[in-house]
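The values are calculated or read from the model by the stated rules, or taken from the named source; none is laboratory data. Keep in mind that this is a model prediction, so the values were computed, not measured. Heads up, the Cβs are rebuilt from the backbone with ideal geometry, glycines too, and the neighbour counts pull from every protein chain shown. The accessibility values were calculated without ligands, DNA or RNA, using every heavy atom of the protein model including side chains. Shrake-Rupley method; radii C 1.70, N 1.55, O 1.52, S 1.80 Å.
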Amino acid sequence: MFDIQSIRNDFPILSQKVHNHDLIYFDNGATTQKPQVVIDAIVDAYTKTNSNIHRGIHTLSQLSTTMYEQARQMVQVFINAPHDYEIIFTKGVTESLNLVAQTFSEAFLNEGDEIIVSAMEHHSNLVPWQMVCERKKAKLKCIPFNHDGVLDIEAYKNLFTEKTKFVSVVHVSNTLGTVNPIKEIIDIAHSHNVPIMIDGAQSVQHIPIDVQELDCDFFAFSGHKIYAPTGTGVLWGKEEWLEKLPPYQGGGDMIKTVTLEKTIYNDLPFKFEAGTTNYVGAHALGVALHYLMNIGMPYIQKYESELIQYANQKLAEIPQVTIIGNAPEKAGAISFEVDGAHCADIGMILDKQGIAIRTGTHCTEPIMQYYGVPGTARMSLAMYNTKEEIDYFVKTLAKVAMMFE
Ligand code: PMP
């Protein structure tokens, strides 16, 4: 069962003080902290088993390879992928999204074709598509959202033409916290026979993911936002699509045979894993996912959804605070503004009280343009946060807000 104190004890960084205050870490959308089991997994791997994978017949290399491939199976179970070879390890969701944008467009995008993304994408699911559209003279279309931060599904339906080749949409907005109706969005794309990728960077740590139930074609996330090390990430793709896409990068491991004239590419998943991967990080990602499965994602989702509703309600009670994004279903993040204050000042003052939040554009400048703000303050929650922390944060913020009146 969900035991918050025992979970907090698993994260050594949480017990430290910042500016002589207990650390309240509300910057989980940027990156999450790591439990001791993940830290130990990294230390143990470098202490006991380190050796490059897939290339050695000696004991350590085989151990390292087994740990890496077991991590792949852990990801498979965690997102309920049909096959482990559909899991590609990357250095993060940005690389996963770029991989698909680049390889899909190389193979399938032609002049005049159209790609659909949403207007609330993180730059990493917008800029790669702008780049390939510019190169291929294709058109990028954006699903608009309303003032509550909710995608306009009717407008989305109307964006499809016979030229639409691909849809790529964020599951949970890192800025607005909006949980998009992703199943409906996927089904609409498929009703037009268009493949769809989901940016799960802000959903996979909050919401149980079943890629078979979702039936998306690609699902991408970063390890560091789900209690695993930086420099790790996942791209899951349906086998039929991964087989159709050309390799992303050339190098070791992604080949079967090479002559000076020609290369035969390796099978999945290695075709997309050129060079030495972050195999220690991938192993630690597997450990993080195992840790989460032991707690149970449905319990985490239930606890966190109560937490975010509580935070949303308490923040809304501060008269000088305006919440940006009021979708009926939110996960992870709450963005807000304080009357008369620049968000950076709010962030700096809260830091002096031990509270870590993020301020700025959150790599979603089009969202800032829509609301006409230079940036927002953003608190973002993880499973180890508590109502007591929210109370202290809200009390402190209310005092700060009065200073700016
Ligand atoms: N997509 C979303 C929704 C995100 O929140 C982020 C990180 N803020 C990214 C993509 C990019 O993640 P990374 O920097 O780990 O590649």
For the chain, the percent of accessible surface on carbon and sulfur atoms (probe 1.4 angstrom, ligands and nucleic acids excluded) is 52 percent
In segment 296-368, the GluC sites (Glu not before Pro) that sit in a DSSP loop and have at most 11 other Cβ atoms within 10 Å of their own Cβ are E317
Heavy-atom accessible area per residue of segment 40-165, all protein chains kept, 1.4 Å probe, expressed in Å², is 46 Å²
Here the gain from full extension of K48 to T322, 0.36 nm per residue of separation minus their alpha-carbon distance, amounts to 93.5 nm
Charge tally for neighbours of G112 with beta carbon under 15 Å away, counting Lys, Arg as +1 and Asp, Glu as -1, is +2
Length gained, D267-Y310, 0.36 nm per residue minus C-alpha separation, equals 10.7 nm
Cα-Cα longer than 28 Å, checked against K225/K256; K136/K244; K91/K302; K330/K399; K91/K352, kept in input order, equals K225/K256; K91/K302; K91/K352
For the chain, the dipole about the Cα centre with charges only on Cβ (Lys and Arg +1, Asp and Glu -1), to the nearest 20 debye, works out at 700 debye
In Å², rounded to a whole number, the accessible area per residue of segment 336-405 with probe 1.4 Å is 43 Å²
Under 11 Å by backbone N from the virtual spin label 7 Å along Cα-to-Cβ at D40, the residues of segment 50-83 are none
P(r) of segment 12-62 over all Cα-Cα pairs, 5 Å bins starting at 0, rounded to whole percent, reads 5, 16, 15, 16, 13, 10, 10, 7, 5, 3, 0
One would report the antiparallel percent of DSSP beta bridges in segment 142-297, rounded to the nearest 5, as 60 percent
Each label sits 7 Å from Cα toward the beta-carbon; between K352 and H58 the label points are separated, in nm, by 5.6 nm
